[in-house]
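Notes follow once the structure below has been shown.
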Amino acid sequence: MAKSYDHLFKLLLIGDSGVGKTCLIVRFSEDSFNNTYISTIGIDFKIRTTEIQGKKIKLQVWDTAGQERFKTITTAYYRGAMGIILVYDITDERSFENIQNWMKSIKENASAGVERMLLGNKCDMEHKRKVPKERGEKLAKEHNIRFFETSAKSSQNVDEAFNTLASDILMKISKKSAPGRKEVDLKSSSKKTSNKCSVV
């Protein structure tokens, strides 16, 4: 039977408990939002097929539990991920500060060169904002990764964030498979796009 997609990308969402990882995935995969908070137990995933640059990309989006007690389960899933999205809650200063710990976790557990992205979620709750957008932009710039502020509730920038990450992964693997192309080219070309990480 013919495959219904050209590429399968495994994406992983990480971040503190309660930042809205599950809501983001459900919004992206099912275009729905549930206000009731249920903590993820261990790990779960959703699938959505999207078209990027004329290719059918099947995205397998893994949702990890943010609580410390599930860390050993979830770190096992870092290795096969092609893209990792770090999520914090703009109304929760601590969840932003902990991004550095999640970055460390990626360094220790993920494959080298994995695509990363930073998301400041719940941007619909401007009245409760604790983390200025500029801080998110600055942190993303320090790590040379893209940055979006999203709202799973209003769906703002959700599709854009996931599709941008998928597009970056596709570009990376296309360059890797191109004859005579060196990894060095890849790194220098990704730096050129790093200043586009902030989205209003």
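Once backbone amide H atoms are built at 1.01 Å from N, Asp6 has Lys56, Ile57, Lys58 as its partners under 5 Å, excluding neighbours fewer than 5 places away on the same chain.
For Thr91, Thr49, Thr22, Thr64, the sequence from fewest to most other C-beta atoms within 10 Å is Thr49, Thr91, Thr22, Thr64. Checked against a 18 Å cut-off, the cross-linked pairs Lys21/Lys55; Lys10/Lys55; Lys141/Lys175; Lys55/Lys172 give Cα-Cα distances beyond that limit for Lys21/Lys55; Lys141/Lys175. A cut-off under 11 angstrom between Cβ atoms defines the neighbours of Leu8, and their net charge, with Lys, Arg +1 and Asp, Glu -1, is +3. Amide H to amide H, with H built 1.01 Å from N, Ala81 comes under 5 Å of Ser111, counting only residues 5 or more places away or on other chains. In summary, the aspartates and glutamates within cross-link reach of Lys176, defined as a Cα separation below 12 angstrom excluding same-chain residues under 8 places away, comprise Asp185.
Values quoted throughout were computed directly from the atomic coordinates according to the rules given, and no laboratory measurement underlies them. Remember, predicted model here, so these are calculated numbers, not experimental data. Every residue, glycine among them, receives a Cβ derived from its backbone with ideal geometry; neighbour counts consider all protein chains shown.
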